[in-house]
Amino acid sequence: MRCRQGALKVRGWHWLQNCYQGRFGVSVGSSSSMGNYISFSSGTLNAMYELFRTDNRFKVVSAPQLRMDSGREAIFSVGEQVPVLGSVSYEDGKAVQSVTYRDSGVIFKVKPVITSSRISLNVNQQLSNFVKTDTGVNDSPTLLKREVDTSLTLKDGDIVLLGGLAENKDSQASTGLSFLPKSWSQKSDEKSRTDMVILLQVKKI
């Protein structure tokens with residue numbers, strides 16, 4: 001899910017806790033000192049999904065179901081594959097440029113270790129995109145990537161909300177009449193922040 005206006009910044013975990021604690025039991029947890037997940041002690045995944053879906057501060061990007069064996073990694077991604085120039089080889093004295101395709105967008109990797117009473121998860125979240133920059137080699141785009149790793153231990157059926165990734169955007173706009181001097185137009189700068197959060201439930205099958 002995407003959350004607009006930075007509602008889930010560090011102080012925003014308390015905002016979300018206050019908003020939904022009346023409907024679901026909420027506790028803030030962390031595998032580090034920064035605190036990047038919230039666990040829910042009551043409620044169902046469908047009820048929470050519907051609550052976030054109907055809240056205009058959130059946009060549901062995707063709702064996948066992943067199945068995996070203990071110790072095996074699963075990958076889910078939403079985005080696109082971008083062609084990137086690779087190595088150069090020579091055939092009959094002619095240079096041949098190779099092209100590789102790399103994933104960008106929202107990439108989610110999870111690796112569970114399942115025991116009789118607990119499910120330990122290693123979760124990797126990545127938010128990335130390719131942009132054209134002066135630092136690119138041979139006009140190849142440059143990868144901009146934000147990434148966070150989280151380790152947590154859950155019980156069968158537990159639900160958590162993972163955060164930690166954010167995207168900041170600056171935009172400019174001007175308003176005025178085309179036949180008037182530019183100095184008469186109004187300019188506005190807008191800064192927006194989008195937080196990427198993952199609502200996750202673990203179940204043994």
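Annotations
- Qualifying residue in segment 137-147 (condition: touching a Ser or Thr at 6+ places or on another chain (Cβ under 9 Å), in a strand (DSSP E or B) and among the basic types (Lys, Arg)): yes
- Entry remark, segment 85-106: residues being without any contact (Cβ under 8 Å) to a residue 12 or more places away in the chain and either in contact with a Leu (Cβ under 6 Å, 6 or more places away or on another chain) or assigned to a strand (DSSP E or B) (or both) number 8 in total.
- Any chance Lys191 is modelled with pLDDT under 85 and in contact with a strand residue (DSSP E or B) (Cβ under 9 Å, 6 or more places away or on another chain): yes
- Any hit, segment 97-104, residues being surrounded by 15 or more Cβ atoms within 10 Å (Cβ to Cβ), within 26 Å of Met196 (Cα to Cα) and at pLDDT 80 or above: yes
The values are calculated or read from the model by the stated rules, or taken from the named source; none is laboratory data. What you are looking at is a predicted structure, and each value in this text was computed from that prediction instead of being measured. Neighbour counts are summed over all protein chains in view; Cβ atoms, including those assigned to glycine, are modelled from backbone coordinates with ideal geometry.
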